[in-house]
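This report concerns only the one structure given below.
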Amino acid sequence: MDPVLTGLIVGIAFGFVLQRGRFCMNSAFRDVVLLKDYTLLKSVGAALLLLLAGYAIMDSTGMISLNPKPLTWGANLLGSFIFGVGMVIAGGCASGITYRVGEGMVGAITAVLGLSVAGYLTAAGFLADFKTNLQTDTKILTADGGNLTLANALGIDHLVLALIIFAVAVVIWFVLARKNGESDVWGATEGTLVEKIFKSGWGWLTTGLLIGVVGLFAFPLSAAAGRNYPLGITAGWIGIVKKVLDFSNPDVALGWLSWVIIGIILGSLIAALIAGEFKFRVPKVGVLVQTFIGGCLMGFGAVTSGGCNIGHLLSGVPQLSLGSILAGLSIIAGAWLTAYLMFVRPQKG
Amino acid sequence: MTDVTATKTLDVRGKICPYPDMDTMTTLKKMEKGEVLEVLLDYPLSVERIPRNLKKQKHKLLESEKLDGPDHRMLIEAYGLK
């Protein structure tokens, strides 16, 4: 299949789900300390569990070949922490600011600009040496030179470990859900199915599972395009920057991930137009500067760490990469600290 | 439309995440019990998140009305946390 087409289709599906489900890891993590709201965090959890079991089964049947990112602990800790700080300042994670471009939010456009420019400078510009040295100096591999995962570090078969974690988490979750008596996990209870899909907000479980389904399809389609890894965001934007900088050069082509990015914006735009939620929203100049700076921190952090919240958290954690797990924890730490300093502490004073 | 008159109006249109929520919550915190806050907002995530969090603070959502496009108008009765 044509990689342009599969990239666009995956992107459009992803963008549609992101917009309808309001899926954003910045909100998911930040709202825990800010509003004691766990709704989006539960969506993230559902998506990760589905991907954990799904990728493990797909790998064991030969449909995909797992490709966990390496553990580069210094780069993972520093880069992802800065990414976490940046996303709270920018008002959205890498996927959040990308889908909000399709909703017409100008603050998201400036954030994406910062992410792309700083990402490019860290990948191929004056910050590249710093990033490469930090990654090389703090890289730890397995005894036979492979990338460390929770499975090979513990010496347990990947499929067995993935299914154990999946089963234990699902059981705990059911017990907790029963105790709390949740009812609106799927979304609106009134209205026709069309209204539920295209007009009203989705429940956290619907959103989480559909994000997971997009991730499951993304892996084999991406691999077929010659890129053996599931979803990502930052590298896709950097690919677009490279093409823009060298537009007339036919040798510089947009990769699969860059087509996913274009698809996300299209999918989100379509969803927002149908729901009547598209509007150009221009915040004050100060806010545009703020989201641009936040985006710059995200771009630098993501490339230094080897992935953003999608590359590491959504795609790497389900493959049990130790580097991605460390990066994920570091993103959360950066986001919590920044949310506390920006929003919680000023209220107490 | 209900015939409640708002004591105060807060326009958070164009604001980025999470300011629509934060501004609404901090304004409500400073209001007397029974006073009504009118909030104008256009951020879809907050349109769904604010009602969830009002419950926790015991403020009462009197009305959430859809205007043009993503614009919404909420009327919220303050619980009186002052």
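Only the coordinates and a few stated rules stand behind these numbers; no lab work does. Since we're looking at a predicted model, the values are computed, not measured. Cβ atoms come from the backbone with ideal geometry, glycine included; neighbour counts cover every protein chain shown.
Based only on other Cβ atoms within 10 Å, what is the fewest-to-most ordering of A:Cys24, A:Cys308, A:Cys296? Provide the component values of the computation, followed by the final result.
Working: A:Cys24 27, A:Cys308 35, A:Cys296 24.
By the 10 Å Cβ count, ascending, the order reads A:Cys296, A:Cys24, A:Cys308.
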**OP:** Please quote Rg/Rh for chain B to two decimal places, taking the Kirkwood radius as Rh and restricting both calculations to Cα atoms.
**Re:** 0.92
**OP:** Among A:Ile140, A:Ile310, A:Ile211, determine the one that fluctuates most according to a GNM of chain A built with springs between C-alpha atoms less than 10 Å apart.
**Re:** A:Ile140
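Name the shape class, rounded, prolate or oblate, that the alpha-carbon gyration tensor gives for region A:1-147, where a ≥ b ≥ c are the square roots of its eigenvalues, rounded holds for a/c under 1.5, and otherwise prolate holds if a/b is larger than b/c and oblate otherwise. Don't jump to the answer; show the numbers that get you there.
Values: a/c = 1.40, a/b = 1.12, b/c = 1.25.
Because its axes are fairly even, with a/c under 1.5, region A:1-147 counts as rounded.
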Subject >> Calculated from backbone phi, Karplus (6.51, -1.76, 1.60) coupling profile of region A:288-305 in Hz, x at Gly/Pro >> reply: 4, 5, 4, 5, 5, 4, x, x, 4, 4, 4, x, 4, x, 5, 5, 4, 7
Subject >> Built amide H within the under 5 Å cut-off of B:Glu63, gap 5+ >> reply: B:Leu75
Original post:
For A:276-284, what's the mean count of beta carbons from other chains sitting within 10 Å of each residue's beta carbon?
Top reply: 4
Original post:
Just how far, in whole angstrom, is region A:1-78 from region A:277-349 if you go by their alpha carbon centroids?
Top reply: 15
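Does region A:139-276 classify as rounded, prolate or oblate by the C-alpha gyration tensor (a ≥ b ≥ c root eigenvalues; a/c under 1.5 gives rounded; else a/b over b/c gives prolate, otherwise oblate)? Can you show the working numbers first?
Values: a/c = 3.25, a/b = 1.10, b/c = 2.97.
Since a/c reaches 1.5 but b/c is at least a/b, the shape of region A:139-276 is classed as oblate.
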Subject >> All-pairs Cα distance distribution in region A:17-80, expressed in whole percent, bin size 10 Å >> reply: 18, 29, 39, 13, 1
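Would you mind giving the mean number of other chain beta-carbons within 10 Å of the Cβ of each residue in A:30-41, as a whole number? Before the final figure, lay out each step's value.
Working: counts 2, 7, 0, 0, 5, 10, 2, 6, 0, 4, 2, 0.
Mean inter-chain Cβ contacts per residue within 10 Å come to 3.
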**OP:** Would you mind ranking A:Phe292, A:Phe23 so that the residue whose beta carbon has the fewest other beta carbons within 10 Å leads the list?
**Re:** A:Phe292, A:Phe23
Original post:
Semi-axes of the equivalent ellipsoid of region A:105-163: what are they in whole Å, largest first, if each equals the square root of 5 times a C-alpha gyration tensor eigenvalue?
Top reply: 35, 20, 6
Original post:
Among A:Pro283, A:Pro68, A:Pro220, whose mean-square fluctuation peaks in a Gaussian network model of chain A (Cα, cutoff 10 Å)?
Top reply: A:Pro283
Original post:
Within straight cross-link reach of A:Lys36, meaning Cα distance under 19 Å, which aspartates and glutamates are found once same-chain residues fewer than 8 apart are removed?
Top reply: A:Glu182, A:Asp184, B:Asp21, B:Asp23, B:Glu48
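What FRET efficiency comes out for the pair B:Glu63/A:Leu141, r = Cβ-Cβ distance, R0 = 60 Å, nearest 0.05? Can you show the working numbers first?
Details: r = 60 Å, r/R0 = 0.99.
The pair B:Glu63/A:Leu141 has a calculated efficiency of 0.50.
Would you order A:Tyr120, B:Tyr43, B:Tyr79, A:Tyr38 from fewest to most other beta-carbon atoms within 10 Å of each residue's own beta-carbon?
Starting with the residue having the fewest Cβ neighbours, the order is A:Tyr38, B:Tyr79, A:Tyr120, B:Tyr43.
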Original post:
Can you give the average number of partner chain beta-carbon atoms within 10 Å of each beta-carbon in peptide A:10-22, as a whole number?
Top reply: 1
Original post:
With charges only on Cβ, +1 for K and R and -1 for D and E, what is the dipole size of region A:130-237 about its Cα centre, in debye, rounded to 20?
Top reply: 140
Original post:
Applying the Karplus parametrisation 6.51 cos²θ - 1.76 cosθ + 1.60 with θ = phi - 60° to the phi angles of region A:116-127, what ³J(HN,Hα) value in whole Hz is obtained for each residue in order, glycine and proline being reported as x?
Top reply: 5, 5, 5, x, 5, 5, 7, 7, 9, x, 6, 8
Original post:
³J(HN,Hα) across region A:80-88 via Karplus (A = 6.51, B = -1.76, C = 1.60, θ = phi - 60°), whole Hz, x for Gly/Pro?
Top reply: 6, 4, 5, 4, x, 4, x, 6, 6
Subject >> Compactness of region A:90-208 as Cα Rg over 2.2 N^0.38 Å, two decimals >> reply: 1.61
Original post:
How big is the antiparallel share of DSSP beta bridges in the protein assembly as shown, given as a percent to the nearest 5?
Top reply: 75
Subject >> Candidates B:Lys33, B:Lys56, B:Lys15, ranked by Gaussian network fluctuation over chain B, Cα under 10 Å, top entry >> reply: B:Lys56
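With the Cα gyration tensor of chain A in hand, give its eigenvalues times 5 under a square root as the equivalent ellipsoid semi-axes, listed largest first in whole angstrom.
27, 26, 22
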Original post:
Is the shape of region A:234-347 rounded, prolate or oblate, going by the alpha carbon gyration tensor and its root eigenvalues a ≥ b ≥ c, with a/c under 1.5 for rounded and a/b larger than b/c for prolate?
Top reply: oblate
